[in-house]
There are 2 protein chains.
Amino acid sequence: MAETRWLDDGEQQAWRAFLMAVNLLDGALDRQLRHDSGLPHAYYQILAMLSEAPKRELTMTALARLLRSSPSRLSHAAARLEGEGMIRRFKRPGDRRTTIVELTPAGLKVLEAAAPGHVHEVRRVLFDTLSREQVAQLREISESMLSVLDPQGEEPRYPDPDGIGSQD
Amino acid sequence: MAETRWLDDGEQQAWRAFLMAVNLLDGALDRQLRHDSGLPHAYYQILAMLSEAPKRELTMTALARLLRSSPSRLSHAAARLEGEGMIRRFKRPGDRRTTIVELTPAGLKVLEAAAPGHVHEVRRVLFDTLSREQVAQLREISESMLSVLDPQGEEPRYPDPDGIGSQD
DNA sequence: CCGAAATACTTGAGCGTTCAATTGTATGGC
DNA sequence: GCCATACAATTGAACGCTCAAGTATTTCGG
């Protein structure tokens, strides 16, 4: 391997600040959601994603792909969420490998109850502190990272027929 | 609570991209470090922080503060790292509540061995994809978040007497 | 000084994530 | 049609993190 090119001062400071911020951000969101709704952030995202899908259902694989989650992680999560009645799982007729996950009315209720507090927290720790310009910058930076971290990154766009909308 | 102000399109897209990116970034760093050195990213950060401290030692509380880690988390981590001989813990003479953590030569070796691969990965997924300007933007955005997430945020500056430098 | 409160850290249970292995099902080559 | 391969999802163990509770020590008010 070639000689390591260490981070210069600017990079170092950006990196450290970024790491700390992300670390704390994640903790804050998770804590707020867990406290107010009993859901970890990752589980909230599952419900949110389902709520926007046509018929509020997706295959496990599609859902995992959208959330950039491993199949295993999703499977474990689905087990809990199904046990609590927030989602339902059933095999797709015609391909018995495929499992379809559907958001139940109970799950939708939980999501809708959790959404306002969550959005409030996202605003508090992120958007309220950033200018409109910084939001655009953050988006470009994030997409830049995604181009490396997830080159295949498709982001299927639904017409959002009757999901509850921009709750995340 | 007042009517919820949902995220507008720009915010929504920035937020989603940011979430995915951070999620994948964290996974990538953790995977690389675990694979190449057996250390989770959080543990690597502990060693890195210690390596920069005077005499390569800090109290548990100071270390936790610097890493924005809970005392509990650090305590668990220290137990494992000590068990593997990478750090050493001892009581401070004069205040028997206080525990001092010291990076051992063995711990420093592990850190130095892990550093190049880690920095390479950080470059690959972050700095290589960003312009110099974007790095500055990311830093400001991060510090903006920190002002809310960690208002007390002191960042003690050591003269870096003989830590191995900018390995993180 | 004495007891209450603060400080410093540790512990154990519960939980989500990861990784590797496993099961079951569909498909493509021949 | 058959078998190897790919695909879809699940499982269980290991492990790090969180939270709440606990231990030990020090400080501080009256």
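The values are calculated or read from the model by the stated rules, or taken from the named source; none is laboratory data. Quantities reported herein were computed from a predicted structural model and do not represent experimental measurements. As a convention, Cβ positions derive from the backbone with ideal geometry for all residues, glycine included, and neighbour counts pool all protein chains shown. Ligands, DNA and RNA are excluded from the accessible area calculation, which covers all protein heavy atoms including side chains. Shrake-Rupley method; radii C 1.70, N 1.55, O 1.52, S 1.80 Å.
Using a 1.4 Å probe over protein heavy atoms, the accessible area lost on pairing A with B, summed over both chains, comes to approximately 6400 Å². Taking the label point 7 Å along Cα→Cβ, B:Glu84 and its counterparts in the other copies are spaced 3.3 nm apart, in ascending order. Taking every protein chain into account, the 1.4 Å probe leaves B:Glu143 with about 80 Å² of accessible area, to the nearest ten.
Once all protein chains are placed together, A:Asp128 keeps about 100 Å² accessible to a 1.4 angstrom probe. Given a 1.4 Å probe and the protein chains as shown, B:Lys91 ends up with an accessible area of around 110 Å².
Straight-distance candidates among the lysines for linking to B:Lys109, with alpha-carbon spacing under 30 Å and chain neighbours fewer than 8 residues away dropped: B:Lys55, B:Lys91.
Which value in Å does the Kirkwood hydrodynamic radius of chain B take, with 1/r averaged over all unlike C-alpha pairs and then inverted? So the Kirkwood estimate lands at 18.0 Å.
With R₀ fixed at 22 Å, the C-beta to C-beta distance from A:Asp9 to B:Gln152 puts the FRET efficiency at about 0.40. In the assembly of identical copies, A:Ser70 has its label point, taken 7 Å from Cα in the direction of the beta carbon, separated from the corresponding points by 2.3 nm (ascending, one decimal). With kT/(6 pi eta Rh) evaluated at 20 °C and eta = 1.002 mPa s, and Rh the Kirkwood radius from Cα pairs, the protein assembly as shown diffuses with a coefficient of 99 µm²/s according to Stokes-Einstein.
Compute the signed sum of charges (Lys and Arg +1, Asp and Glu -1) over the other residues within less than 9 Å, Cβ to Cβ, of A:Val148. Every neighbour counted, the sum reads -1. Between copies, the label points of A:Gly10, set 7 Å from Cα on the Cα→Cβ line, lie 2.5 nm apart, reported in increasing order to one decimal in nanometres.
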